[in-house]
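Visitor: Sharing a structure here in structure tokens format.
Read-outs: derived from the displayed coordinates by stated rules, not from any lab. In this text the structure is predicted, and so the values were computed from the model without any measurement. Using ideal geometry, Cβ is built from the backbone for each residue, glycine included, and neighbour counts are taken over all protein chains shown.
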Amino acid sequence: MTVEKILELKNLQVSFETFGGEVQAVRGVDLTLHKGETLAIVGESGSGKSVTSKAIMGLIESPPGRIKNGEILFEGNNLLKYSKHQIQKVRGKDISMIFQDPMTALNPTMKIGSQIMEGLIKHQEISKHDARKRAIELLALVGIPNPDKRVDEFPHQFSGGMRQRVVIAIALACNPKILIADEPTTALDVTIQAQILDLMRDIQEKMGTSIILITHDLGVVANLAQRVAVMYGGKIIETGTLDEIFYKPKHPYTWGLLSSMPKLHAKTDKLLAIPGTPPDLRKPPKGCPFAPRCPYAMDVCIDHMPQYTASSGSQKTACWLLDERAPKVDPPSTIGVGGEA
Amino acid sequence: MIRYTFERLCYMVVTFFVIVTLTFLSMQLLPGTPYRNAAKMTKEQIAVLNETYGLNQPVPIQFVKYITNMFHGNLGYSFQYDGRSVTQILSEKFPISIELGIEAIIIGVVIGLLLGIIAGIKRNTIWDYTSMIIAVLGISIPSFIFAALLQYWFAVKYQIFPVAYWDGPINRILPAFSLSTIVIATVGRFMRTEMVEVLQSDYITTAEAKGLTTMQVIFKHSIRNALIPVITILGPLFVNIITGSLVIEKIFAIPGIGEQFVTSIYTNDYPMIMGTTIIYSSMFIFIVFIVDVLYGVIDPRIRLAGGK
Amino acid sequence: MANPNITETSFRPAHMDPAANEKISRPSLSFGKDVMRRLINNKGALIGAIIIALLILMAIIGPHMNKYGIDDQDLTRANMPPKIGVLSNIHWLPFDGVDKNGIDQYKAKNVKGNFWMGTDNFGRDQWTRIWSGTRISLFIALVAALIDLIIGVSYGGISAYYGGRVDNIMQRIIEVIMGIPNLVVIILAIIVLKPGIASIIIAMVLTGWTSMARIVRGQVLKLKNAEYVLASRTLGASNSRLITKHLIPNTMGQIIITTMFTIPNAIFFEAFLSFIGLGIKAPNASLGSLINDGFAAMQSFPFQVLYPSIIICILLISFNMLGDGFRDAFDPKQRR
């Protein structure tokens, strides 16, 4: 691919100081986002995906949070070197974010119009009048009926799905280059989820925004993403295109994730779960974080973190099974994705 | 919203009636004669006075009369001030107490909010701890002890401020400040909790993600939302102010209703006690009512939820 | 890739125990123990508790520590400044028996013996009076808090337990009572009942119980509908188990916290009433009445108002710190 890189994470490490000790939430993440693509970061709760997105926005509260190491290169500039003032100019203008819970993400005592206008006035230095006009346009863009009336309403007058549209409108206000969507549909009803995903796809087509989609829902990933990064225990354990991850996964954790996805045409009505729980990141494992739950774990997995092995195309996987000395293992039959997702 | 206001209004009327009745009945239970030099008076003299003040009539009739008069702005006649009306005495002293109370509330709310906001923003720093130590001291130390200390140090020992009375603006400083300590402490603590809660909410992250500066986030999003619940403690604060004013006015010899109330208690001046109780209670009931309605007006969630 | 430690043998299947990962690394503590641990770790609360214990001890033994009784009047030794034998040679301490004009009153009036906190205008020993005053103040506060607790818990519990109409009527009553400023009720009650220990307690209880009743009712109602209570009922928990494992631990916290704040409030109100002349009558003393007496002579004999004021402030601060500690300990979420 020769597409321009817009965002690059290099060896990002984020820790949190808690009463129970230091939690190493993100332990060396490398990621690349290209212009106009949608990259999905997939993983279960506590895998570090939300922390990664917050780190990009510079929203890690410190203390207790601390970015220990690494670089976040936005168009070649390291955001971690930016002053507070500089990063505030990037936030909302170049990179913006959609949050998980639309019920709490809006200020309850402020008209939604004002909430959209704030960012516009700050970043584009336009008059209140123009900002308001733009806010109405944005509400129309995200599919809110009667935008010129609803612009003066308060968040509680909107339904959950409508609020998420408002949140998206806020994020889109200044035509950002990157949109980070942190579980944008998790808190919504299934029918509304589809609408929001359609909306996001529409917007990407119209505006060419690059999207980082944080989710644990593989259905959403299949719907929206071109590339996928699978996170586990604060590390990216596999990355590749959507097809590579869904049809040729190499990491046992990815196998597990795909197997645990309920399928419409499955012969069995049993749900396949991955046994065990994610590692305690106060005492991060020396080796592969997935080893304790991995049915194929070998002695080497416990003590040594595997390197990335590149396979065909852009797929990279961190697993000892891909070492030439390891026994050959075939992926389980349960991972088959119908392709109709 | 209208239904809610009406409901509150009904409570207000019921409570008011209960207070008037209770006050009246307690006054009937009071022992002793209310006249200043009853011991020296003859039976006939007392009978004449009873006649004048209507004390020889049956209790229910006295009650109905009292209520009727009350609605005409007549709270009876003071036993101590030779036939001056309670309404007249109270209306003379009322502005003084109101002024002192308002000054104390302004000082207290301003300092309290500042302490609370700083403590909330700079949570778990020396700022936070200092503010909260001030708050614990303010809540713990009774205002009359604080007033006595201030009076001793700044008026008696170093003579920076006048010891007592209510002549010029300089006389206001010590009493208003002593009265405000409880307000500072209560508002400061409450505001800190609210700030901390607001600062942890998701919409603050949204505001930060828009690229707003820290100051914009604090002023436009945090303080406004944290302030709304503070309105709810105005009712209890008002009682604190009245309680404080009784002792503060006594200490600084301020001719307000608080000082008058204490004197009336010493002298068994029933009509004055009744009048003052009714004034205090109506003010309190009215403030609680206003706070309830105001809260609905300010918080759009309540305002519109009630209107639908 | 060339790591010398990794050999062919490293690629043998490992024997993993998935359950090992799920071991809970911190020992689990019972609710009560957890609360105690947090309380002890809270320095403010611990200091508060220790000071309260010391003051209670002094309130018990203090009045018997010297030979003077609470009402031993002797005008020849009126208004003596404080003097403590061992400290009397240290001049910057106010315990040398010298008044503010620099005259050693003990020599001037030829008084034998030391009065550790001075004497009042009747020549009564302030030390004895202050500690008996502390005793009475504490007694009033504790009894008032206890009665509040009993009435409040029963009223709130009954209201929440029966629900419906009963609850509705009981709550209307509370609503009206809470609409009356407690100051007015307390003052009226004391005027009618005549000032004294019992009437102060009754007056304070008249309105005091309502907040406890509301809190208990709120807690019980919340628990009645809480999902975890439903869950444990679904799992077949008996009523007694629900009461001991859920109801008591969860309402207990709120009850203790409310009581911990009722006590200083009662101490304050007693002092306040005494200060406006509605409190304890002589020859008995409470901290409030001592402050009131001392205040009258503040310009000439500041020590008479100073010592009872210090004691009551320390007492109130300690109770408030302990109360805060309890609140944080019972609800660690609130402590931010």
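Visitor: In terms of the Cα gyration tensor, with a ≥ b ≥ c the square roots of its eigenvalues, is region A:31-103 rounded because a/c is under 1.5, prolate because a/b exceeds b/c, or oblate? Before the final figure, lay out the partial values.
Guide: Numbers: a/c = 1.34, a/b = 1.14, b/c = 1.17.
Rounded is the answer for region A:31-103, as its axis ratio a/c remains below 1.5.
Visitor: Once you have a ≥ b ≥ c as the square roots of the Cα gyration tensor eigenvalues for region B:96-264, tell me rounded if a/c is under 1.5, and otherwise prolate or oblate according to whether a/b is larger than b/c.
Guide: It is prolate, given that a/c is not under 1.5 and a/b is the larger ratio.
Visitor: Sticking with this one: For residue A:283 and residue A:86, FRET efficiency with R0 = 41 Å and r from the beta-carbon atoms, rounded to 0.05?
Guide: 0.70
Visitor: Percent of Cα-Cα pairs per 5 Å bin, from 0 to the last occupied bin, for region A:158-315, please list those.
Guide: P(r) for region A:158-315, in whole percents per bin: 2, 7, 15, 17, 17, 15, 12, 9, 4, 1, 0.
Visitor: With each label point set 7 Å from Cα along the Cα-Cβ vector, what nm distance links residue C:150 and residue B:69?
Guide: Distance between the two pseudo-spin positions: 4.2 nm.
Visitor: Still on this structure, I have one more. Helix by helix through chain A, keep the DSSP H runs that span 24 Å or more along the axis on Cα and average at least -0.5 on Kyte-Doolittle, and give those back in order. Don't skip to the end; give the middle numbers.
Guide: Details: long enough: A:190-207 (26 Å, 0.04).
Counting only whole DSSP H runs, the qualifying helices are A:190-207.
Visitor: If Lys and Arg each add +1 and Asp and Glu each add -1, what is the summed charge of the other residues whose beta carbon sits under 15 Å from the beta carbon of residue C:235?
Guide: After counting each charged neighbour, the total is +2.
Visitor: I would also like to ask the following. Please find, in a Gaussian network model of chain B (springs between Cα atoms separated by less than 10 Å), the residue of B:25, B:179, B:212 whose mean-square fluctuation is greatest.
Guide: Checking each option, the largest mean-square fluctuation is seen for B:212.
Visitor: Which entries in B:157/B:250; A:93/A:128; A:122/A:177; A:10/A:49; A:10/A:54; A:283/A:316 show an alpha-carbon gap greater than 22 Å?
Guide: A:283/A:316
Visitor: Shifting gears a bit: In the Gaussian network model of chain A, springs joining C-alpha atoms below 10 Å, which of A:45, A:210, A:62 carries the largest mean-square fluctuation?
Guide: Judging by the Gaussian network model, the answer is A:62.
Visitor: Tell me, what ³J(HN,Hα) does each residue in region B:43-52 have, in order and in whole Hz, if you take phi through Karplus 6.51 cos²θ - 1.76 cosθ + 1.60 with θ = phi - 60° and put x for Gly and Pro?
Guide: The phi angles translate into 4, 5, 4, 5, 4, 4, 5, 4, 4, 4 Hz.
Visitor: For the protein assembly as shown, what ratio Rg/Rh do Cα atoms give with a Kirkwood hydrodynamic radius?
Guide: That ratio equals 1.07.
Visitor: Can you tell me the FRET efficiency between residue C:61 and residue C:284 if r is taken as the Cβ-Cβ distance and R0 is 22 Å, rounded to the nearest 0.05?
Guide: The formula returns an efficiency of 0.75 here.
Visitor: Skipping prolines and chain starts, which residues have an amide H placed within reach, meaning under 5 Å, of the one on residue A:213, given they are 5 or more residues away or on another chain?
Guide: A:39, A:40, A:41, A:181
Visitor: Put a dot 7 Å past each Cα toward the Cβ at residue B:158 and residue B:99; how far apart are the dots in nm?
Guide: So the label points at residue B:99 and residue B:158 sit 2.6 nm apart.
Visitor: Just from its helices, what would the mean residue ellipticity at 222 nm be for chain A, if runs of 4 or more DSSP H residues each count -39500 (n - 2.57) and the sum is divided by every residue, rounded to the nearest 500 deg cm²/dmol?
Guide: Rounded to the nearest 500, it is -9000 deg cm²/dmol.
Visitor: Amide H neighbours of residue A:281 under 5 Å, counting only residues 5+ apart in sequence or on other chains, H built in-plane at 1.01 Å?
Guide: Hits under the 5 Å cutoff: none.
Visitor: Now for a separate question. Long-range amide H contacts for residue A:305: which residues qualify at under 5 Å (H placed 1.01 Å from N, peptide plane, sequence gap of 5 or more or a different chain)?
Guide: Answer set, sorted by chain and number: none.
Visitor: OK, next. Could you list A:200, B:191, B:27 so that the one with the fewest beta carbons within 10 Å of its beta carbon is first and the one with the most is last?
Guide: Sorted ascending by nearby Cβ count, the order is B:27, A:200, B:191.
Visitor: To continue, here is another question. Would you mind checking the radius of gyration and Dmax of region A:232-335 based on alpha-carbon positions, in Å?
Guide: For region A:232-335, the Cα-based Rg and Dmax read 13.9, 41 Å.
Visitor: OK, next. Go ahead and set up a Gaussian network model of chain A, Cα springs under 10 Å, then flag whichever of A:235, A:283, A:54 fluctuates most.
Guide: Looking only at A:235, A:283, A:54, the largest GNM fluctuation is found for A:283.
Visitor: If we restrict to alpha carbons, what Rg and Dmax does chain A come to, in Å?
Guide: 20.8, 68
Visitor: Please state the relative contact order of region B:96-264 as a whole percent: Cα pairs under 8 Å, 6+ residues apart?
Guide: Values: 219 pairs, mean separation 56.4, N = 169.
The normalised contact order for region B:96-264 reaches 33 percent.
Visitor: To continue, here is another question. Where the only charges are on Cβ atoms (+1 Lys, Arg; -1 Asp, Glu), what is the dipole of the protein assembly as shown about its Cα centre, to the nearest 20 debye?
Guide: Dipole about the Cα centre, nearest 20: 540 debye.
Visitor: In whole Hz, with x marking every Gly and Pro, tabulate ³J(HN,Hα) for region B:79-87 from phi via Karplus 6.51 cos²θ - 1.76 cosθ + 1.60, θ = phi - 60°.
Guide: Result, rounded to whole Hz: 6, 8, 9, 6, x, 6, 7, 4, 4.
Visitor: Please figure out what share of the DSSP beta bridges in the protein assembly as shown is antiparallel and state it in percent, rounded to the nearest 5.
Guide: About 65 percent, rounded to the nearest 5.
Visitor: Give me the net charge for the shell around residue A:33: Cβ to Cβ below 12 angstrom, other residues only, Lys and Arg +1, Asp and Glu -1.
Guide: Cβ neighbours under 12 Å give a net charge of -1.
Visitor: To continue, here is another question. What FRET efficiency do you get for residue B:7 and residue C:234 if R0 is 45 Å and r is their Cβ-Cβ distance, rounded to the nearest 0.05? Let's see the in-between values first.
Guide: On the way: r = 38 Å, r/R0 = 0.84.
Using R0 = 45 Å, I get an efficiency of 0.75.
Visitor: OK, next. Considering only A:151, B:18, A:120, whose Cα is most displaced toward the positive end of the charge dipole of the protein assembly as shown, charges sitting on Cβ of Lys, Arg (+1) and Asp, Glu (-1)?
Guide: B:18
Visitor: Let me spell out the model: positive unit charges on the Cβ of Lys and Arg, negative unit charges on the Cβ of Asp and Glu, origin at the Cα centre of chain A. What dipole size does that give, in debye rounded to 20? Each step should come with its number before you reach the end.
Guide: Values: 40 positive and 37 negative charges, 113 e Å.
Dipole size: approximately 540 debye.
Visitor: Report ³J(HN,Hα) in whole Hz for each residue of region A:70-76, in order, from the Karplus equation J = 6.51 cos²θ - 1.76 cosθ + 1.60 where θ = phi - 60°; Gly and Pro get x.
Guide: 3J(HN,Hα) across region A:70-76, in whole Hz: x, 9, 10, 9, 9, 6, x.
Visitor: Around residue A:199, what is the net charge, scoring Lys/Arg as +1 and Asp/Glu as -1 over all other residues with Cβ under 14 Å from its Cβ?
Guide: Within the 14 Å Cβ shell, the charges total +1.
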